[in-house]
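Trainee: Structure incoming, see below.
The values are calculated or read from the model by the stated rules, or taken from the named source; none is laboratory data. This structure is a prediction, so every number in the text was calculated from the model and none was measured. Glycine also receives a Cβ, built like all others from the backbone with ideal geometry; neighbour counts cover every protein chain displayed.
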Number of protein chains: 4
Amino acid sequence: MSINYQFILDTIGDEVQPLLSRGKVAAYIPQLSTVPLQQFGMAVYCLDGRVYTTGHAYEKFSLQSVTKLFALALAFAREGDAIWRRVGREPSGNPFNSLSQLEHERGIPRNPFINAGALVITDILAERYVQSDIALLQFVRTLAAEPALDFDRAVAASERETAHRNYAIAHLMKDFGNLHSAVDTVIDSYCRQCAITMTCVELAKAASFLAQHGTVPWNGKKILDASSAKRLNALMLTCGTYDAAGDFAYRVGLPAKSGVGGGIVAVVPGDLAVAVWSPGLDATGNSLAGTMALERFTTLTTRSIF
Amino acid sequence: MSINYQFILDTIGDEVQPLLSRGKVAAYIPQLSTVPLQQFGMAVYCLDGRVYTTGHAYEKFSLQSVTKLFALALAFAREGDAIWRRVGREPSGNPFNSLSQLEHERGIPRNPFINAGALVITDILAERYVQSDIALLQFVRTLAAEPALDFDRAVAASERETAHRNYAIAHLMKDFGNLHSAVDTVIDSYCRQCAITMTCVELAKAASFLAQHGTVPWNGKKILDASSAKRLNALMLTCGTYDAAGDFAYRVGLPAKSGVGGGIVAVVPGDLAVAVWSPGLDATGNSLAGTMALERFTTLTTRSIF
Amino acid sequence: MSINYQFILDTIGDEVQPLLSRGKVAAYIPQLSTVPLQQFGMAVYCLDGRVYTTGHAYEKFSLQSVTKLFALALAFAREGDAIWRRVGREPSGNPFNSLSQLEHERGIPRNPFINAGALVITDILAERYVQSDIALLQFVRTLAAEPALDFDRAVAASERETAHRNYAIAHLMKDFGNLHSAVDTVIDSYCRQCAITMTCVELAKAASFLAQHGTVPWNGKKILDASSAKRLNALMLTCGTYDAAGDFAYRVGLPAKSGVGGGIVAVVPGDLAVAVWSPGLDATGNSLAGTMALERFTTLTTRSIF
Amino acid sequence: MSINYQFILDTIGDEVQPLLSRGKVAAYIPQLSTVPLQQFGMAVYCLDGRVYTTGHAYEKFSLQSVTKLFALALAFAREGDAIWRRVGREPSGNPFNSLSQLEHERGIPRNPFINAGALVITDILAERYVQSDIALLQFVRTLAAEPALDFDRAVAASERETAHRNYAIAHLMKDFGNLHSAVDTVIDSYCRQCAITMTCVELAKAASFLAQHGTVPWNGKKILDASSAKRLNALMLTCGTYDAAGDFAYRVGLPAKSGVGGGIVAVVPGDLAVAVWSPGLDATGNSLAGTMALERFTTLTTRSIF
């Protein structure tokens, strides 16, 4: 009962076409708002090295919040459980950029995948590395075996200019003593981090270590121990898709991390990593066609974690 | 590499002993507050019918919120996706009995496992059955193959007398038009439902259909289709352990539903269901020793969904 | 420079005519929703006994929340500062029937003029009087020298049937231990209290003791000492007009208490009490024409407290 | 029945001595935290020009939030009702530096006396004046007839260094489009504004125009028209003493504005302005001895607005 991944991807590629015009491109970052809606790519990276693709799977897109996954993996690999003194592990039940909960909970973000939590992770990296954004870029380059991966400087600049909400979050955490570097340093690094661009194929490959208990499948390098990799997957499932994590788990049933650039990366533990990209977002900020593609993927492969 | 479940359970039974005195018995229901702390039971029900136990696995305890799982399964089996018009599927990020979020979101509870959501599910059952609490009891009796299962009337009465918070929640939903039956009818039925008592062995068996794609393993009866069973497991993972679902997923990595009686039932899809009971609760309202026991269980068996 | 009150009232009576159709009758109490919009009455009761009126000043209307003023005065006269152990004195910054703040502040209402606070006052009266609603009615009859004042039983019944929000509030306070009588007892008494009907002339007379340092001007009877009367006026100013107290103070500049029946009573300390009634409400639940009439009154008489 | 103000002030000066050690100096601004607790001053400025003092009435102190009153008066005098498009007039029901309500109400602060509202007023002044802090200083110098009034540069610098919460507020409003100047410009100006120092005598004189319908009593210069002055007094009463405005109105019964430097200025319309200073604060951030002194002042003079 081997699965014909190529047939399934092709089917999904056909099915999502009518959805491409329904989403909305992220408007709040000027540089992202110009990306054409009618694009869809998907790539599967199996642990045995096989790769399957459909659509614009070799097109670069802006990772945005998907980078929070790699930043967390790097910080977790370096600092271990010490990071949980500064950020929680619970779904927020609020929009990804909310200040109310952060204020009520005295500057400790709910989890590392909302903006506040990601800023704390950036701050943790900034304490360890001279240039935390470069360190993260190197980490992602290694994971994807793509030394040419880079930031999109125009997107980073655009993002910084409209980062008032993130500045507000950072200053609030500073006020509570939960940001150690200067606010400007953290925001700069965070904006560049978000502006890393990748293709679906590169992204699926870069995340594949999470499907193999923390070890990079194509070179055997251990990024995280098995227990830590599982825990990171658990966090993706409960917190990885903004305030729609419950619905996403219900529909898709895979640990995943999404970004407002329209990308989503998901993991089938023991089997594969899968990345989708389509820039049109639904009301919760997740790729509309991308979410549907992943829902169809787990239905057609009968591979969910549940 | 078959797993020696009995050895693992015995190990866990030893390990949790120092924890038994650390938790606190639920104080707000007078009848529950008298249960002695120093008790711990655990039972594994494998899909092939084997049963493993340790400690007080044949002791009856009050299911409390664990019944929300069975009520949801019954309502979902009968009404399908129609139930999602009246209750959401997202983690709440708030205590299980909070009114603020319910008010802000105009009477639509975040998920079926917080009290507000469970009251809506009870209301849905009350619209379909003359006596919804009896219908639920019969459903659980069938799932566990235990026709003698029953409510603890003293606990139900005790619960009703201190149900002011639940009355407040029900009236608020009534005000928003999201409760169709009379408030008293729903609260009565809900309090009886919560007072069902079971042993760990009975509970693990009753939940085993969720490990086998919705089909009762010992008689082949289909309770839910495979897709629905997976979805219910996903809901348990994201919402099943109150406001600690993220932490529980991180530590244990299994879909689970807990109750303030100290019981927790969890599912390893494709393999088994496991129930633990220990009345001492942690600050989030989950069994302290029970959570640790399940964390050890997934570590020692290396069976988590991630 | 004596003031020609009759001329001023007549002017206002003319000016407000175009506003009468703009407000909305309170819809949530069925019996109130049938009151015709095109009505306006106003009465001034001077401390020397002179009375001035315009429009429907002798028409009965439902006092609703205006009764919270008399209930507070009665409780304050009987219990003194002890009442502040159970209810606060701060503006709420939230709608009059909100539960969120009450939950956050552990069942202690912000002030006696939001519903939660009024229910506590009713509870305090219920502890002292066998029939607290009758006691309050007698108190108001004495203040207005109108022994025939009565409840409108149809309105009270209508109110009780739609009192789900108030039930929710009462049960939440019961849960926090801040309601001593049975919830049904308090809600019954509260609904009858709200259903007292009066005319503008009667209302202005009944409130006149607050303009004369707590002493009834026409019989010299001391209801409250001077300091307590001033304090009650201060509470009216900061909390008397729902979540619009700041705007009301800004525009009108008088201590006042409003009700969703469209009545407002205000006090010019040392001079007079004034009552208006017009059933059309603005978005904050205050009489639209009534608020404007009082704003014009303080402008034309140059009598505000500021 | 003329009032012996000197005797009353002397009495109050004696009475408050035991209270001086009970408050706490504002700790969050390093420069303020060094001010000795055991200080108390009070000054009355009557509209006829007489001045009465007790204690350290000629000692300079940091005005802090008291300056919000003068900034509002200046903006209101220049822009009129246009300012209400950007800031509300309601009590906040939340601490003075809260972000939750501001987020929920989409960047429109509740009133001009909480930090968010004051930052908007500063922004309004920054749009009209090249150097808004200098413009405000000149305005206060004119009101007090004290051309030597100045900022305390050390306090301003200290304030700026710990202004993370205010930066968060400003960036959040910027995100909502309710801050037109650069965040740094507004915060700089605001920190300097807060650092103006005055004595009680100077402060009472500077506020006396609010007791005389908007006209400076000693030179007849009209700052605001009578209606606007009344409205400003109304705002002070409902919003001038942080989240304790209800309690302050209840106890003192005068329009007032307080600051964390320990100063409070209050107005008896038609009669006088009164300023107190004592650096020890109560839990709500108002001067503990200062509030009690004003409560005794209205009791002993029987001059409240109610």
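Trainee: In this structure, does residue B:257 turn out to be of a type outside the set (Ser, Thr, Tyr), over 24 Å from residue B:62 (Cβ atoms) and either in contact with a strand residue (DSSP E or B) (Cβ under 7 Å, 6 or more places away or on another chain) or within 9 Å of another protein chain (Cβ to nearest Cβ) (or both)?
Mentor: no
Trainee: While we're looking at this one, here's another question. Could you check residue C:27 against (1) at pLDDT 95 or above; (2) touching a Ser or Thr at 6+ places or on another chain (Cβ under 6 Å); (3) of a type in the set (A, V, I, L, M, F, W, C) and say which number it fails?
Mentor: So the condition that residue C:27 fails would be (1).
Trainee: Give the residues of segment A:119-162 that are within 14 Å of chain D (Cβ to nearest Cβ) and surrounded by fewer than 23 Cβ atoms within 10 Å (Cβ to Cβ), sorted by residue number.
Mentor: Matches in segment A:119-162: A:160, A:161, A:162.
Trainee: Ok, one more. Determine, yes or no, whether residue C:262 is touching a Pro at 6+ places or on another chain (Cβ under 8 Å), crowded, with 24+ Cβ neighbours inside 10 Å and within 12 Å of another protein chain (Cβ to nearest Cβ).
Mentor: no
Trainee: Pick out the one residue from C:11, C:54 that is buried (at least 22 other Cβ atoms within 10 Å of the Cβ), in the same structural domain as residue C:293 (by TED's automatic domain parsing), farther than 24 Å from residue C:236 by Cα and in contact (Cβ under 8 Å) with a residue 12 or more places away in the chain.
Mentor: Details: C:11 fails: buried (at least 22 other Cβ atoms within 10 Å of the Cβ).
Selected residue: C:54, the only one of C:11, C:54 that is buried (at least 22 other Cβ atoms within 10 Å of the Cβ), in the same structural domain as residue C:293 (by TED's automatic domain parsing), farther than 24 Å from residue C:236 by Cα and in contact (Cβ under 8 Å) with a residue 12 or more places away in the chain.
Trainee: Let me ask something else about it. Say whether the condition of being touching a residue at least 60 places away in the same chain (Cβ under 8 Å) and either out of contact with any helix residue (DSSP H, G or I) (no Cβ under 6 Å at 6 or more places or on another chain) or assigned to a helix (DSSP H, G or I) (or both) is met by at least one residue in segment B:37-45. Can you show your working first?
Mentor: Start the filter on segment B:37-45 by keeping residues that are touching a residue at least 60 places away in the same chain (Cβ under 8 Å), which leaves B:37, B:39-45.
Of the ones still in play, those that are also either out of contact with any helix residue (DSSP H, G or I) (no Cβ under 6 Å at 6 or more places or on another chain) or assigned to a helix (DSSP H, G or I) (or both) are B:37, B:39.
Checking segment B:37-45: at least one residue is touching a residue at least 60 places away in the same chain (Cβ under 8 Å) and either out of contact with any helix residue (DSSP H, G or I) (no Cβ under 6 Å at 6 or more places or on another chain) or assigned to a helix (DSSP H, G or I) (or both).
Trainee: Looking at A:181, A:208, which is the one that is part of a helix (DSSP H, G or I) and either surrounded by 24 or more Cβ atoms within 10 Å (Cβ to Cβ) or among the polar types (S, T, N, Q) (or both)?
Mentor: When all the criteria are applied, what remains is A:208.
Trainee: State the number of residues belonging to segment C:93-118 that are within 10 Å of chain D (Cβ to nearest Cβ), within 17 Å of the chain's Cα centre (by Cα) and modelled with pLDDT under 85.
Mentor: Number satisfying all stated conditions: 0.
Trainee: Only one residue in D:249, D:226, D:244 is buried (at least 24 other Cβ atoms within 10 Å of the Cβ), over 13 Å from the mean Cα position of the chain (by Cα) and not assigned by TED's automatic domain parsing to the domain that holds residue D:83. Which one?
Mentor: D:249
Trainee: Just a yes or no: is a residue in segment B:125-143 more than 30 Å from residue B:42 (Cα to Cα) and touching a His at 6+ places or on another chain (Cβ under 9 Å)?
Mentor: Yes, some residue in segment B:125-143 is more than 30 Å from residue B:42 (Cα to Cα) and touching a His at 6+ places or on another chain (Cβ under 9 Å).
Trainee: Out of A:185, A:215, which single residue is in contact with a helix residue (DSSP H, G or I) (Cβ under 7 Å, 6 or more places away or on another chain), assigned by TED's automatic domain parsing to the domain that holds residue A:115 and not charged (D, E, K, R)?
Mentor: Only one candidate passes the filter, namely A:185.
Trainee: Right, here's the next one. Considering only segment B:156-178, how many residues are outside any loop (DSSP other than H, G, I, E, B), in contact with a His (Cβ under 9 Å, 6 or more places away or on another chain) and over 29 Å from residue B:266 (Cα atoms)? First the steps, then the outcome.
Mentor: First, pick out the residues of segment B:156-178 that are outside any loop (DSSP other than H, G, I, E, B): B:156-161, B:164-175.
Among the residues that remain, those that are also in contact with a His (Cβ under 9 Å, 6 or more places away or on another chain) are: B:164-175.
Pick out the ones that are also over 29 Å from residue B:266 (Cα atoms) and you get B:164, B:167-168, B:171-175.
So the count comes out to 8.
Trainee: Please specify each residue of segment C:20-36 satisfying the condition of being within 18 Å of the chain's Cα centre (by Cα), assigned to a loop (DSSP other than H, G, I, E, B) and under 17 Å from residue C:160 (Cβ atoms).
Mentor: Within segment C:20-36, C:26, C:29 qualify.
Trainee: Is it fair to say residue B:188 is farther than 22 Å from residue B:223 by Cβ, more than 10 Å from every other protein chain (Cβ to nearest Cβ), touching a residue at least 12 places away in the same chain (Cβ under 8 Å) and not in a strand (DSSP E or B)?
Mentor: Numbers: farther than 22 Å from residue B:223 by Cβ: yes; more than 10 Å from every other protein chain (Cβ to nearest Cβ): yes; touching a residue at least 12 places away in the same chain (Cβ under 8 Å): yes; not in a strand (DSSP E or B): yes.
Criteria met by residue B:188.
Trainee: Now, a different point. State the number of residues belonging to segment B:191-205 that are among the basic types (Lys, Arg) and assigned to a loop (DSSP other than H, G, I, E, B).
Mentor: Residues that pass the stated criteria total 0.
Trainee: Pairs, please: C-beta under 7 Å, at least 6 apart or cross-chain, first residue away from chain B (no Cβ under 14 Å) and in segment A:214-243, second surrounded by fewer than 21 Cβ atoms within 10 Å (Cβ to Cβ) and part of a helix (DSSP H, G or I)?
Mentor: If the second residue must be surrounded by fewer than 21 Cβ atoms within 10 Å (Cβ to Cβ) and part of a helix (DSSP H, G or I), the pairs left are A:223/A:77.
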